[in-house]
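A.B. asks: Take this structure first; my questions come after.
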Number of protein chains: 2
Amino acid sequence: MLEGMTTRNPRAAGLARLAGLIADETRAACLLALLDGRAWTAGELARHAGVAASTLSEHLGKLVAGGLLSEERQGRHRYVRLADATAAQLVEELAARVAPGTAVRRPRTLRESTAGSAMARGRTCYDHLAGRLGIAVTDAFTARGLLRRDTGFALTDAGLRWFDTAGIALDRRGRRPLVRACLDWTERRPHLAGAAGAALCRHALQARWCVRIGSERAVKVTDAGERALSELLGIAAEALR
Amino acid sequence: MLEGMTTRNPRAAGLARLAGLIADETRAACLLALLDGRAWTAGELARHAGVAASTLSEHLGKLVAGGLLSEERQGRHRYVRLADATAAQLVEELAARVAPGTAVRRPRTLRESTAGSAMARGRTCYDHLAGRLGIAVTDAFTARGLLRRDTGFALTDAGLRWFDTAGIALDRRGRRPLVRACLDWTERRPHLAGAAGAALCRHALQARWCVRIGSERAVKVTDAGERALSELLGIAAEALR
DNA sequence: CGATGACTTCGGCGGGCGCCGAAGTGTCCG
DNA sequence: CGGACACTTCGGCGCCCGCCGAAGTCATCG
């Protein structure tokens with residue numbers, strides 16, 4: 001509406017509109033939930049956010065129209081997920097900046113506490129590994145000279161070879177950067193993201209190095225995973241606990 | 001709603017609050033203006049945004065309280081600037097995502113047109129170089145093997161030596177990454193940012209490779225700058241026009 | 001010391017937006 | 001084919017928030 005009216009500053013208006021999509025607690029809760037990279041139904045998100053289905057439907061309409069989410073209708077369900085990796089990155093980075101102020105809330109119930117520590121131990125962050133697991137992998141990459149972090153954030157040639165010998169295919173076409181630093185909000189340090197991070201995570205789940213636990217995005221390293229990570233990256237099992 | 005009630009989801013609330021700081025056209029205009037990295041007075045920003053001084057004063061209060069801006073009082077002036085490089089990065093990344101939809105507006109006046117093309121040619125982006133100038137530098141770094149971009153975004157050892165021989169000191173202490181990719185919103189491609197990008201930009205201005213023009217953040221490459229960039233990085237003068 | 005100027009505080013106004021429940025549409029299943 | 005279910009549309013409500021101008025505070029300057 002009011003399309004005919006030219007705004008004084010279209011660039012600022014666009015920025016404000018985009019930020020406005022995230023500037024609502026209900027929508028923010030949805031975006032954070034969707035950071036697990038999976039598709040949620042409208043109803044699940046409504047329950048998660050604690051609002052009426054009708055309210056959430058309108059929120060989803062805005063997020064989709066704004067390009068942050070993409071939707072897929074299946075029968076009577078409306079599945080929705082983050083539109084792409086850049087949308088996830090945007091939410092991550094905003095969330096990472098928030099954490100220092102709000103991360104101090106203590107868990108109130110045992111259930112909350114164990115869920116929280118499981119998330120801190122290992123989880124997915126959109127399409128790559130995060131938590132202590134993600135950090136351990138990133139640190140191992142760095143220590144073994146596979147990832148150069150002192151002058152930026154890039155795989156080394158040895159790093160490329162590592163993926164090759166591990167049998168993990170890297171898609172190097174496409175616009176998506178091969179690696180990228182993503183700020184971990186429990187560890188407060190960057191971990192491995194980008195196409196390589198996604199490929200590694202995908203492989204880890206497929207090879208059952210780790211499995212999803214609970215309904216959230218927490219993951220647990222299996223015994224086979226401990227062996228593989230120790231063998232391929234020299235990660236001590238203690239670093240994953 | 002009941003007052004004093006703790007919010008249901010503090011993480012989402014924090015995210016929404018942070019985004020809310022940017023989700024206002026007037027505040028967004030201020031943040032974009034401040035992307036030049038300089039300190040502005042409250043009055044300048046009020047004039048720039050086209051609102052009353054009282055209105056803008058309240059906006060600045062929120063932005064400072066929210067940690068996006070830092071302020072410095074000098075006499076009867078209130079100088080305000082982006083709080084740090086991460087705040088600038090946040091605004092940049094949001095703005096970069098907006099651009100595709102809104103960048104199509106055509107300039108309406110000659111003044112606007114020349115100002116726009118000067119900005120597209122070269123400008124500062126917080127504390128580093130952007131526009132065609134920034135892209136040319138980044139491309140030259142990549143072509144000469146000083147910057148590795150195929151597997152991420154990091155300086156090579158040759159890149160470190162280049163800074164050394166050029167007499168540009170790099171501060172490698174501190175938490176700030178040495179290099180980082182920043183998405184250029186006129187070129188739609190990443191350019192060199194981070195501590196090294198800032199050092200290079202600082203040196204370029206000090207050595208008068210380029211000078212600020214106009215009141216905005218546009219910069220112009222001098223004759224000496226053309227020679228230096230050609231000599232040190234093999235950049236053809238045509239790439240800067 | 002009085003005038004000017006930059007900024008802040010306050011009261012009041014208006015619009016936008018998130019919320020809900022009720023009613024409507026489309027899909028699935030027994 | 002009818003009922004259950006997931007989602008959407010609509011009307012209405014209430015509050016939040018950005019806006020302004022007037023008045024107040026404080027620094028600077030003649």
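The values are calculated or read from the model by the stated rules, or taken from the named source; none is laboratory data. Please read all numbers here as calculations on a predicted model, not as lab measurements. When we count neighbours, we look across all protein chains shown, and the Cβ atoms used for this are built from the backbone with ideal geometry, even at glycine. Heads up: the accessible areas ignore ligands, DNA and RNA and are worked out on the full protein's heavy atoms, side chains in. Shrake-Rupley method; radii C 1.70, N 1.55, O 1.52, S 1.80 Å.
A.B. asks: Among A:23, B:236, A:234, which residue has its Cα furthest toward the positive end of the charge dipole of the protein assembly as shown, with +1 on Lys/Arg Cβ and -1 on Asp/Glu Cβ?
C.D. replies: A:23
A.B. asks: While we're on this one: Let me cross-check residue B:79: its accessible surface, 1.4 Å probe, with only protein heavy atoms counted, in Å² to the nearest 10?
C.D. replies: The accessible area comes out at roughly 70 Å².
A.B. asks: Just the number, please: carbon plus sulfur as a percent of the accessible area of the protein assembly as shown, 1.4 Å probe, no ligands or DNA/RNA counted.
C.D. replies: Roughly 51 percent of what the probe reaches on the protein assembly as shown is carbon or sulfur.
A.B. asks: Between residue B:223 and residue A:220, what is the label-point separation in nm under the 7 Å Cα-to-beta-carbon projection?
C.D. replies: 7.4 nm
A.B. asks: On C-alpha positions alone, give me the angle between the axis of helix B:85-102 and the longest principal axis of chain B, in degrees, nearest 10.
C.D. replies: The helix B:85-102 is inclined about 90 degrees to chain B.
A.B. asks: Identify which of B:155, B:68, B:15 has the largest mean-square fluctuation in a Gaussian network model of chain B, with springs joining Cα atoms closer than 10 Å.
C.D. replies: Most flexible of the set in this elastic network: B:15.
A.B. asks: How much length would be gained if the chain were fully extended between residue A:65 and residue A:47, taking 0.36 nm per residue of separation minus their Cα-Cα distance, in nm to one decimal?
C.D. replies: Working: separation 18, 0.36 × 18 = 6.48 nm, distance 2.20 nm.
Gain in length upon complete extension: 4.3 nm.
A.B. asks: How large is the Kirkwood hydrodynamic radius of chain B, in angstrom, based on all distinct alpha carbon pairs? Working shown, then result.
C.D. replies: Working: mean 1/r = 0.0514 Å⁻¹.
Kirkwood hydrodynamic radius for chain B: 19.4 Å.
A.B. asks: Residues of the range B:111-240: accessible area per residue at 1.4 Å, in Å²?
C.D. replies: Spelled out: the 1.4 Å probe surface of the range B:111-240, per residue, equals 46 Å².
A.B. asks: Roughly how many nanometres apart are two label points built 7 Å out from the Cα toward the Cβ at residue B:38 and residue A:208?
C.D. replies: So the two model labels end up 6.4 nm from each other.
A.B. asks: So what's Rg/Rh here for the range B:15-85, counting alpha carbon atoms and using the Kirkwood radius for Rh?
C.D. replies: Looking at the range B:15-85, the ratio lands at 0.93.
A.B. asks: How far is helix B:110-121 tilted, in degrees, relative to the longest principal axis of the Cα atoms in chain B, given as a value from 0 to 90 rounded to the nearest 10?
C.D. replies: With both axes taken from Cα atoms, the answer is about 60 degrees.
A.B. asks: For the range B:135-238, max minus min Cα coordinate along each principal axis, in Å, sorted largest first?
C.D. replies: Computed over the range B:135-238, the largest-to-smallest principal extents equal 35, 30, 28 Å.
A.B. asks: Taking the label point as lying 7 angstrom from Cα along the Cα-to-Cβ axis, what are the distances from residue B:211 to the corresponding position in the remaining copies, in ascending order and in nanometres?
C.D. replies: In nanometres, ordered from closest: 7.0.
A.B. asks: What accessible area, summed over both chains, is buried at the B-A interface (1.4 Å probe, Å², nearest 100)?
C.D. replies: 4300 Å²
A.B. asks: Figure the gain on full extension for residue A:161 and residue A:84 (residue separation times 0.36 nm, minus the Cα-Cα span) and round it to one decimal in nm.
C.D. replies: The span from residue A:161 to residue A:84 would gain 25.0 nm if fully extended.
A.B. asks: Looking only at B:172, B:132, B:27, which one moves most when chain B is put into a Gaussian network model with springs between Cα atoms under 10 Å?
C.D. replies: Of B:172, B:132, B:27, the Gaussian network model singles out B:172 as fluctuating most.
A.B. asks: What does the helix-only formula give at 222 nm for chain B: each DSSP H stretch with n ≥ 4 adding -39500 (n - 2.57), the total divided by the residues, and the result rounded to the nearest 500 deg cm²/dmol?
C.D. replies: -15500 deg cm²/dmol
A.B. asks: Still on this model: Go ahead and set up a Gaussian network model of chain A, Cα springs under 10 Å, then flag whichever of A:150, A:127, A:139 fluctuates most.
C.D. replies: Maximum fluctuation in the GNM of chain A, among the listed residues, is at A:150.
A.B. asks: Give me the accessible area of residue B:171, 1.4 Å probe, in Å² rounded to the nearest 10.
C.D. replies: Its heavy atoms expose roughly 80 Å² to the probe.
A.B. asks: Right, another one. Angle check, please: helix B:194-206 long axis (alpha carbons) against the longest principal axis of chain B (alpha carbons), in degrees 0 to 90, nearest 10.
C.D. replies: Value to nearest ten degrees: 70.
A.B. asks: For a bin width of 20 Å, list the pair-distance distribution of the protein assembly as shown built from all Cα-Cα distances, rounded to whole %.
C.D. replies: 22, 54, 23, 1
A.B. asks: A follow-up question, please. Which distance in nm do the two modelled labels at residue B:188 and residue B:173 give, with both placed 7 Å along the Cα-to-Cβ direction?
C.D. replies: 4.4 nm
A.B. asks: Another question, then. Can you list the residues of the range B:146-167 that have at least 10 square angstrom less accessible area with all protein chains present than in their chain by itself, probe 1.4 Å?
C.D. replies: Residues of the range B:146-167 that lose at least 10 Å² of accessible area once the other chains are added: B:148, B:150, B:151, B:152, B:153, B:154, B:155, B:157, B:160.
A.B. asks: Report the accessible area of residue B:62, computed with a 1.4 Å probe over the heavy atoms of all protein chains in place, in Å² rounded to the nearest 10.
C.D. replies: 110 Å²
A.B. asks: Still on this structure, please answer the following. Which order do you get for A:163, A:153 if you rank them by accessible area with a 1.4 Å probe, largest at the top?
C.D. replies: Numbers: A:163 0, A:153 20 Å².
Per-residue accessible area, sorted high to low, gives A:153, A:163.
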